[in-house]
């Protein structure tokens, strides 16, 4: 139950923080949630990772669908992704997931060190 609550709160707080702050706010959100909802470091990482992956993947997909993947296909062609727009969205979601996961793991370690 803690895992699901932490996952949802991480995604929600990261979304709200992202409205005013930069891309890095996902790490701060995951850190704060991990400090507030104590889990072991592995579970905290996984909840932050999953929340970040779902948030950034969904946001990238919602930006990509209205323009029929025009920009993402061009960016995917520049990167070694073979012009695959969906693969670019997955890579984007994975980067956000790593940032959130490590932020959450840091918060968990801080809480356990007290």
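Each value in this text was obtained by applying a stated rule to the coordinates, not by laboratory testing. Bear in mind the structure is a predicted one, so any value in this text is a computation, not a measurement.
Based on the Cα atoms of the chain, what semi-axes does the equivalent ellipsoid have, where each is the square root of 5 times one gyration tensor eigenvalue, given in whole Å with the largest first?
Equivalent ellipsoid of the chain: 29, 13, 11 Å, largest first.
The angle between the Cα long axis of helix 41-64 and the main principal axis of the chain comes to about 30°, on a 0 to 90 degree scale.
Fully extending the segment from residue 111 to residue 12 would add 33.5 nm, taking 0.36 nm per residue of separation and subtracting the current Cα-Cα distance. Seen against the Cα atoms of the chain and their longest principal axis, helix 85-113 is set at about 10 degrees. Using a cutoff of 8 angstrom between alpha carbon atoms and counting only pairs six or more residues apart, the relative contact order for the chain works out to 39 percent. Between helix 25-36 and the chain there is an angle of about 20 degrees, using the helix long axis and the longest principal axis of the Cα atoms.
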